[in-house]
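None of the figures in this text is laboratory data; all of them are computed from the coordinates on show. Everything quoted here is computed from the prediction, not taken from an experiment. So basically every Cβ, Gly included, is an ideal-geometry build from the backbone, and we count neighbours across all protein chains shown.
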């Protein structure tokens, strides 16, 4: 790990001002990815702007038709929230599957989305639910947020402040996880909003999360497991690593989608 300057601002305005002054600075949320990358010297920021004192980013709000999660809300808080469990149980279930206990109690939704790890869980929910990501500058549609491997629509110094998830009629998330890291080798989030509005978000399979339009069209006609069971996903462009081949990941997308639909119907 290389030397860096540490800053702990007391409010959002000071945090953003600090980040704008430091060309090679980084925001520090839960630190579950960034600190590890720094230890391996894969990332070497000159400054760390710690967000943990910013109370404005720690709100978890449930309203009719929407759940808004502050950027610094921990995964464990979402998983255990009685309001989220009642209003949007699929989101609580997803949060409860992230990493291990330590990761869930330190990791944050804002940090996860800004990092955009290709195997992270939350991106599937952002796309599957059509979430809106609010920053200190603007609102970004979930469909326009993920740009590529570790790449997002965020501009330099731009800070996620909250994520708002619309509440569907029914939804579920299923993933085939790496047994060691618990990252998604493939994860699929399926949501049915009624009136033919169905969304399917996939994570782990490609360089970043994406929607599976063929499955969406099939589920619009009939929201049932058999509607996706026969869909053969193309392996073109999918990840190829020691955990799974593109062909296996393509197969898993179909399997996880079918299981997600089954779970959503229970």
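Here are some notes:
- Kirkwood hydrodynamic radius computed over region 173-266 comes to 13.1 Å, based on all pairs of distinct alpha carbons.
- Each label was represented as a point 7 Å from its Cα along the Cα-to-Cβ direction; for residue 182 and residue 265 these points are 2.9 nm apart.
- 5 Å-binned pair-distance histogram of the chain (Cα, whole percent): 1, 6, 13, 18, 19, 17, 12, 7, 4, 2, 1, 0
- The simple Förster model, with R0 at 41 Å and r as the Cβ-Cβ distance, assigns residue 4 and residue 139 a FRET efficiency of 0.85.
- A P(r) calculated from all alpha carbon pairs of region 71-136, with 10 Å bins opening at zero, reads 21, 60, 19, 0 percent.
- Viscosity 0.692 mPa s, temperature 37 °C, Stokes-Einstein D of region 133-221 from Kirkwood C-alpha radius, µm²/s: 224
- With helices as the sole contributors, the chain gives -9000 deg cm²/dmol at 222 nm; each DSSP H run of n ≥ 4 counts as -39500 (n - 2.57), and the sum is divided by every residue.
- Cα-based helix-to-principal-axis angle, 12-21 vs the chain, degrees rounded to 10: 80
- In region 201-255, one over the average inverse separation of all distinct C-alpha pairs is 11.6 Å, which is the Kirkwood hydrodynamic radius.
- Comparing region 5-50 with the 2.2 N^0.38 Å rule of thumb, its C-alpha radius of gyration ratio is 1.11 (two decimals).
- On the principal axes of its alpha carbon atoms, region 14-102 extends 43, 29, 18 Å, with the longest extent given first.
- Computed packing ranks the peptides 78-89, 146-157 as 78-89, 146-157, most packed first, by mean other Cβ atoms within 10 Å.
- Exposure proxy ranking for 158, 247, based on other Cβ atoms within 10 angstrom of each Cβ and starting from the fewest, stands as 247, 158.
- The orientation-averaged projected area of the convex hull spanned by the Cα atoms of region 1-149 comes to 8.9 nm².
- Full-extension gain in nm, residue 149 to residue 220, via 0.36 nm per residue minus C-alpha separation: 22.6 nm
- Centre-to-centre, using Cα atoms only, region 164-185 and region 88-154 are separated by 11 Å.
- A Förster radius of 35 Å, combined with the Cβ-Cβ distance separating residue 44 from residue 86, puts the computed FRET efficiency at roughly 0.20.
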